[in-house]
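See structure below.
The values are calculated or read from the model by the stated rules, or taken from the named source; none is laboratory data. Note that the structure is a prediction, hence the values are computed from the model and not measured. As a convention, Cβ positions derive from the backbone with ideal geometry for all residues, glycine included, and neighbour counts pool all protein chains shown. All accessible areas refer to the heavy atoms of the entire protein, side chains included, with ligands and DNA or RNA removed. Shrake-Rupley method; radii C 1.70, N 1.55, O 1.52, S 1.80 Å.
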Amino acid sequence: QVQLVESGGGLVQAGGSLRLSCAFSGQMFSNYDMAWFRQPPEKERERVSAINWMGTRSIYADSVKGRFTISRDNAKNTIYLQMDSLKVEDTAVYYCAARRYPNDEYPYWGQGTQVAVSS
């Protein structure tokens, strides 16, 4: 079975940076589209960014475009989310997710990692 483990969350001051990592195991990593979601306190979960299985296409939520960068290293079975110019509203639990064609949704999820941005 697919297993995902996030790491790299923590407390950071507004304007600072964090890099989240997600380790993938259990299946062939290069077959899977990957994504980062987040759930702010008292708000619904939203997709932050996604990257296709080849790492050639990426998408971003408007709220993070220009500040966050998703990437993947298929040799390490890992995806990353580089978060720069962090804002207080970026505070959330961040989740890694995986899907394989033809799925439209993400059936595999990590446990989440907390990101807290202070002013």
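Projecting the Cα atoms of Y94, L4, Q39 onto the charge dipole of the chain (Cβ charges, centred on the Cα centre) puts L4 farthest toward the positive pole. When E42, E89, E105 are compared by accessible area of protein heavy atoms, the largest-first order is E42, E105, E89, using a 1.4 Å probe. Between the C-alpha center of the stretch 94-119 and that of the stretch 28-70 there is a gap of 8 Å.
Structure remark: mean-square fluctuation, Gaussian network model of the chain, C-alpha springs under 10 Å; the largest value among N74, N52, N103 belongs to N103.
For the chain, taking Cα atoms only, Rg and Dmax work out to 13.4, 42 Å respectively.
Just the number, please: carbon plus sulfur as a percent of the accessible area of the stretch 8-50, 1.4 Å probe, no ligands or DNA/RNA counted. Here it works out to 43 percent.
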